[in-house]
Amino acid sequence: MSTSDMIKMALRNLWKRKLRTFLTILGVVIGTASIVVMVSIGIGMNESFQQQVEQWGSLQVINVSAAGGGMVSVSNSGSSRNEKQATEITASTIEEFKKIAGVEAATPVMSEYLYFVCGKYMADASVKGIDPASMEAMGYKVEQGRFLEEGDNNTLVFGADVVTGFYNPKLSWEMRYNSPPPEVDVLNDKVMITTDWNYGTRHADKNLKPIKVDVVGILPSGGETGYAVFMPIKALEQIKQDQQEYEEKQSGTKNVNRVKKGVYQNAMVKVASMEEVQQVQDVIKEMGFQAYSLTDELETMKETTKMLRMMLGAIGAISLIVAAIGITNTMVMAIYERTREIGVMKVIGASLADIKKLFLTEAAFIGFAGGFLGIIISLGSSKIVNIIAVRTNSDMLSSIPLWLCGASLVFATFIGIAAGYLPAKRAMKLSALSAIKTE
Amino acid sequence: MAENVIKIRNVKKVYRMGQEKISAVNNISLNIAYGEICCLLGKSGSGKSTLLNLIAGLEKPTKGSIIFNKRHIERMNEDQLAKFRQQYVGFVFQSYNLLSTLTALENVTLPLIFRKVPAAERNKKAMQMLEAVGLSERANHKPAQMSGGQQQRVSIARAFINSPQVVFADEPTGNLDTKTTYEMMDLITALAQKNKQTLVIVTHDLEIAEYANRIIHISDGKIEKIQHNTNKKKATVEGGNQI
């Protein structure tokens, strides 16, 4: 029997028992819809986690730190895993990071808490020193101006919240809070940087001269970068060196923990795709560094809700199993009714395979049609779930990716075939003679 | 006599009814020749239908062999039997046994569908067959929309469409009135004779047996006597323009 004849005949048989076929399909529709909606809520939850985490920073950036962090590094004593412990990050380490497959950019990182002067106002923030060429690659966004670029020296990019944080150092704390934030235009006004937190007051250290800097860009408010200031690492290092030298001169003793030039404790590594982050992170850990990324955070969040998502999936699965039993029932009934017909077909030359395939085709079609309608209904209910979720401010957003549609259609069809297998086998085994004799 | 298409050798069929064993067919040997019209005549329960089922491969004999064109039917498995029926055998049943979801035309094409004959070819052939049984204008009717006689005509067309070597008819007129019975018998025998096909009819009706070359009287699972029918009834109606 050819495939097209088989399909035609199967459809006709289903059509003859419209109501029963419809009810059976309805079962599959409900089963498919519930599994798709449940899974989609799980997916939606993960997506909203990801959006949350992305607000804290790029998911593709790994923060690396040298073990020990400048302190006496006898930590991790019992740990056999970290046999190799890297205690510093240098230019050659960065080059090694860049060679790891999947890495797009890498930069050493250092930070210093510094003060900014703009006219009579001051602000303070933790300044992050990075390789200026890598700033754009690290996935930051500038709201105004530009990123740090290759060749920049005493150049700054400000977080928007640092800009609004300028205050008049001459005022008392109380007055600072009560007065509106001063209007400073850091992009155009003269801005200086200093290590002296008393600058501008009568306690200011006259020997500490502020350095003139150029502010070239502003990062958006909030999130990871709102309160950050970025600066080329070489320039920041120079400030640090000068400060250390000045302190040694002041106290007259040598600082044993003095930070050497070109030696860093931290680095950032940007990975081309989120999927490779864990892999790259593992390689870096192998090298003896500590590595942390926001994907760790995301994984933890996903892990904590895994149970919930599995339960949602199980609820859907149960209704699909019920639907599968419905298909089996319908097909068994059909065999009882069509015993005679099956016998006649056998007598006039239908092969065993033909009979089996005919019943499997019918069952598969029930599964397919149910799956198809189920997906349409799920797309609708997904919209409704999202509307409710937005109104109630809940995380239970539903998201149906295309692969889920495809997979559930295939799965529903498969369920149909699986459910029809036993009845089909039974039909096949009916003896032609006893089939004809049935009155 | 001409060569035999079917050779039956010492065939026995025993049914078990609780403790009791019933021999429905008891040691029958019989040859059926090419192109012969052969009638198995007997009362209800005589074993004639069982014999037909054995010859057609619908049942396996308890003992003995049935040879169809040198092939042992009793040794075939289900799939081989399906192929065998597709190629060599046509069936006409007492209760027509048309598929209710299919039209007359589709019912006639069914054996060709199982043989994977392309739609255009099989529909053409089926139309010719329906014309031959005089039902071409009913081609698109469903069985439920036709009378018993018409349904049996469709079933006859279905039996002959494959040009089988042998057509088996089990009480083909059992559900029909006298007039239709004769029409039907004329039709079947005319079709069979036209292409020199072998026809095996099972009946309890002497009138029908009159259509055969040979009447095999069966009683209690045994051949009682074989009667050569010299004054065989001629087909009174034209059997149509068979292919």
So which residues in segment A:1-58 are small (Gly, Ala, Ser) and farther than 16 Å from B:Thr101 by Cα? A:Ser2, A:Ser4, A:Gly27, A:Gly31, A:Ala33, A:Ser34, A:Ser40, A:Gly42, A:Gly44, A:Ser48, A:Gly57, A:Ser58
Please give the number of the condition B:Met127 fails out of (1) farther than 17 Å from B:Pro164 by Cβ; (2) within 12 Å of another protein chain (Cβ to nearest Cβ). (2)
Selection within segment B:83-123 - facing another protein chain (nearest Cβ under 9 Å), within 14 Å of the chain's Cα centre (by Cα) and outside any helix (DSSP H, G or I): B:Val89, B:Gly90, B:Phe91, B:Phe93, B:Ser95, B:Asn97
Let me spell it out: the conditions are (1) open to solvent by 10 Å² or more (accessible area, probe 1.4 Å); (2) within 11 Å of chain A (Cβ to nearest Cβ); (3) part of a strand (DSSP E or B); (4) not hydrophobic (A, V, I, L, M, F, W, C), and B:Asn27 meets all of them except one. Which number is the exception? (2)
Restricting attention to segment A:336-359, and to residues there that are of a type in the set (A, V, I, L, M, F, W, C) and open to solvent by 10 Å² or more (accessible area, probe 1.4 Å), which single residue is farthest from the other protein chains (Cβ to nearest Cβ)? A:Ala353
Could you check, for segment A:378-386, whether at least one of its residues is open to solvent by 60 Å² or more (accessible area, probe 1.4 Å), more than 21 Å from the chain's Cα centre (by Cα) and within 26 Å of A:Leu23 (Cβ to Cβ)? yes
By residue number, the members of segment A:1-15 that are touching a residue at least 24 places away in the same chain (Cβ under 8 Å) and either among the polar types (S, T, N, Q) or part of a helix (DSSP H, G or I) (or both) are A:Met6, A:Ile7, A:Met9, A:Ala10, A:Leu11, A:Asn13, A:Leu14
Is there a residue in segment B:39-61 that is in a strand (DSSP E or B) and open to solvent by 20 Å² or more (accessible area, probe 1.4 Å)? no
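Considering A:Gly102, A:Gly139, which residue is more than 22 Å from A:Pro182 (Cα to Cα), surrounded by fewer than 21 Cβ atoms within 10 Å (Cβ to Cβ) and not assigned by TED's automatic domain parsing to the domain that holds A:Tyr199?
A:Gly102
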Restricting the search to segment B:41-87, which residues are in contact (Cβ under 8 Å) with a residue 60 or more places away in the chain and farther than 25 Å from A:Met345 by Cα? B:Leu41, B:Gly42, B:Lys43, B:Ser44, B:Ser46
Taking the residues in segment A:1-29 that are of a type in the set (A, V, I, L, M, F, W, C) and more than 11 Å from chain B (Cβ to nearest Cβ) as candidates, determine which candidate is surrounded by the most Cβ atoms within 10 Å (Cβ to Cβ). A:Val28
Give the residues of segment A:246-264 that are over 23 Å from A:Ala91 (Cβ atoms) and open to solvent by less than 60 Å² (accessible area, probe 1.4 Å), sorted by residue number. A:Tyr246, A:Glu248
Do we find that A:Gly223 is in contact with a Phe, Trp or Tyr (Cβ under 9 Å, 6 or more places away or on another chain), within 29 Å of A:Met135 (Cα to Cα), in the same structural domain as A:Phe116 (by TED's automatic domain parsing) and not basic (Lys, Arg) in this structure? yes
Filtered residues of segment A:151-167 (kept if under 19 Å from A:Met138 (Cα atoms), over 32 Å from the mean Cα position of the chain (by Cα) and not in a loop (DSSP other than H, G, I, E, B)): A:Thr155
Unique match (being surrounded by 22 or more Cβ atoms within 10 Å (Cβ to Cβ) and touching a residue at least 12 places away in the same chain (Cβ under 8 Å)) among B:Ala190, B:Ala169: B:Ala169
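Looking for something part of a helix (DSSP H, G or I), under 20 Å from A:Asn154 (Cα atoms) and out of contact with any Leu (no Cβ under 6 Å at 6 or more places or on another chain) - is there at least one such residue anywhere in segment A:217-233?
Yes, segment A:217-233 has at least one match.
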Determine if segment A:265-272 includes at least one residue that is under 23 Å from A:Asn154 (Cβ atoms), open to solvent by 50 Å² or more (accessible area, probe 1.4 Å) and more than 29 Å from the chain's Cα centre (by Cα). no
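Would you point out the residue of segment B:1-24, among those that are surrounded by fewer than 15 Cβ atoms within 10 Å (Cβ to Cβ) and of a type in the set (A, V, I, L, M, F, W, C), that is modelled with the highest pLDDT?
Here the answer is B:Val14.
The values are calculated or read from the model by the stated rules, or taken from the named source; none is laboratory data. Just so we're clear, the structure is a prediction, and the values are computed from it rather than from any experiment. With ideal geometry, Cβ positions are generated from the backbone for all residues, glycine too; neighbour counts draw on all protein chains shown. Ligands, DNA and RNA are excluded from the accessible area calculation, which covers all protein heavy atoms including side chains. Shrake-Rupley method; radii C 1.70, N 1.55, O 1.52, S 1.80 Å.
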